[in-house]
Structure formats: C-alpha cells, structure tokens
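Participant: For reference, the structure I am asking about is given below.
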Amino acid sequence: DPSLILPTESIKIKDNLSYEEVPVQILDRQVRRLSTNDVASVKVLWRNQFVEEATWEAEEDMKKRYPYLFESADQGINFLLSAL
C-alpha cells in the first residue's frame, strides 16, 4: 500500500537499521489502582504513527525521558488553578 511508505529522510535510520521513536503528544491520562498503589499512565502519540497506534506508557517514565511533553499541560493546569 503506497500510503504506508514513509520517506527515509524524515526518519533518522541508524547504521544498524534501527531508529528511535519520538513522542509527539500526550493524548490521554488514566490512573489505575493496583492493590495499594496508584499507577498513572499516559496515552502517547508517536511520530510517524497513526492515532490508532498510540500506546499507553508509564507517566513517570515519560516525564523523565520527555519532560517537554508535560510542560504545556502543567502550565495550563497552573493557569486554571490561579484563575480560581
């Protein structure tokens, strides 16, 4: 299917023919209760993927690796809290 072919220049392919996926946006957030712990997850849209292919990832890990994804959301929450 030609619509699924991506130009290789837009993807930085390494010498071992692998590439790193880069997260583009946080689509959703959920907190699950596991016995005594609450585990927060975020639904991540990755570059060169469709929305249907977004994956759930641990929020804590994503914040450590990609803090820029959370900056605008944190600013929005702070703005809303200051308006109250």
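None of the figures in this text is laboratory data; all of them are computed from the coordinates on show. This structure is a prediction, so every number in the text was calculated from the model and none was measured. All Cβ positions, even for glycine, are placed from backbone atoms using ideal geometry, and neighbour counts span all protein chains on display.
Participant: Which net charge results when you count Lys and Arg as +1 and Asp and Glu as -1 among the other residues whose beta-carbon is under 13 Å from that of Leu27?
Facilitator: -3
Participant: Residues with beta-carbon under 14 Å from that of Gln49, excluding Gln49: net charge, scoring Lys, Arg +1 and Asp, Glu -1?
Facilitator: The answer is -3.
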